[in-house]
1. Please work out the average accessible area per residue across the chain, using the 1.4 Å probe convention, and give it in Å².
2. Name the residue from Thr113, Met124, Leu98 whose Cα lies farthest towards the positive end of the charge dipole of region 85-129, charges +1 on Cβ of Lys and Arg and -1 on Cβ of Asp and Glu.
3. Heavy atoms of the protein only, probe of 1.4 Å, neighbouring chains included. What is the accessible area of Lys67 in Å², nearest 10?
4. Could you check the simple spin-label distance between His295 and Ala204, using points 7 Å along Cα→Cβ, in nm with one decimal?
5. Which whole-Hz ³J(HN,Hα) couplings does region 251-259 yield from phi under the Karplus relation 6.51 cos²θ - 1.76 cosθ + 1.60, θ = phi - 60°, glycine and proline marked x?
6. What figure in square angstrom, to the nearest 10, would you give for the accessible area of Glu172 with a 1.4 Å probe?
7. Rounded to the nearest 20 debye, what is the charge dipole size of the chain about its Cα centre when +1 sits on each Lys and Arg Cβ and -1 on each Asp and Glu Cβ?
8. What distance in nm lies between label points placed 7 Å from Cα along the C-beta direction at Asp254 and Leu133?
Amino acid sequence: MAAFANAQALVQSVAMPSPPTLPVRAVPGTVSPWTFARSRPWPRAYAGRLRAIVRSLRPAPDRRELKPVTPRPRWSVYFLWAPDGQLTPAHRFTLARLRERDAGLLVVVAAPTLSLVPEAMHDMVDALWWKALPGYDFSGYAIGLHAIAQASPGADVFVMNDSVMGPFGDFEPLLAEAPWNLSGFTAASLFENHIQSYAFQLRAVTPAMMRSLGTIFPLRWRLDRFQDVVFGQETRFARVASRSMTVGAWWWYDTGYGLDLVLKEPFALIEAGYPFVKRSFFGKYSGVQDAEQIHATLAALGHPPVE
């Protein structure tokens with residue numbers, strides 16, 4: 001009997017391994033990690049998407065390749081908004097962090113004219129594109145992802161825009177250990193369940209994948225208003241992607257009509273391993289969190305002061 005009990009214990013120990021250690025910690029009120037689950041879009045979402053097509057659909061913005069993509073197993077894509085042709089300290093911090101990765105760095109610079117692309121960019125990146133200002137970040141993402149799909153098919157691609165500062169800390173485990181093909185950092189329920197598009201990773205990017213995401217990352221058209229991009233592209237991204245790949249995020253939050261998790265709980269997120277701080281704390285949402293605490297957090301993370 002003792003031998004049987006020992007054998008049974010051994011079988012149970014093999015059949016039920018300990019859960020893996022995650023590279024992040026939970027934040028109260030969130031699901032972490034979260035695998036995408038479809039939800040019914042709100043009626044307002046349908047109305048917003050129809051309005052986006054009627055009032056905002058335009059031909060894609062002008063673009064120009066300045067430094068081509070070459071084959072690599074991994075890439076970072078950074079969408080950089082430079083309406084005055086200047087790199088901010090926050091831009092330089094992000095560029096330096098992305099250059100530390102064992103990955104190629106492709107930057108899409110949005111500027112009014114080709115001549116306003118900062119000259120220093122050419123020596124800071126492995127691949128470079130200019131695009132005109134219309135179209136917001138999704139038109140820039142489309143350029144970078146399609147360029148990699150064509151010239152470096154099969155690469156894993158980390159994508160971010162300059163609406164967030166960072167990435168801070170060792171964020172590589174969040175990319176390496178993500179169990180999904182499309183991995184967001186945070187996800188929300190506003191309008192429908194969706195991953196938030198300021199930063200995400202796509203594994204094994206190919207022309208076929210980009211065709212499957214053609215309505216999210218088009219090269220022939222753009223949406224011209226921020227809210228229309230939210231309705232027509234960001235909040236549809238996860239659902240469209242889920243038709244052909246696995247999708248998830250490290251933290252999902254039931255937003256309702258309230259603030260995004262990244263605005264509501266920035267300090268708890270940082271403590272949990274989240275690698276970004278929203279730039280809008282110094283603009284549109286400047287009164288949402290204590291400014292001194294935001295400045296102190298950035299300083300502790302090694303980020304230069306933000307005016």
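The values are calculated or read from the model by the stated rules, or taken from the named source; none is laboratory data. Keep in mind that this is a model prediction, so the values were computed, not measured. Positions of Cβ are backbone-derived with ideal geometry, glycine not excepted, and every protein chain shown enters the neighbour counts. Remember, those area values only see protein heavy atoms, side chains included, never the ligands or the DNA or RNA. Shrake-Rupley method; radii C 1.70, N 1.55, O 1.52, S 1.80 Å.
1. Values: 14220 Å² over 307 residues.
I get 46 Å² per residue for the chain.
2. Of Thr113, Met124, Leu98, it is Leu98.
3. Near enough 60 Å² of accessible area.
4. About 4.9 nm, to one decimal.
5. Going residue by residue, I get 9, 10, 9, 6, 5, x, 9, x, 6 Hz, with x marking Gly and Pro.
6. Looks like 50 Å² after rounding.
7. Working: 30 positive and 25 negative charges, 261 e Å.
Charge dipole, the chain, about its Cα centre: 1260 debye, nearest 20.
8. Once both label points are built, they end up 4.2 nm from each other.
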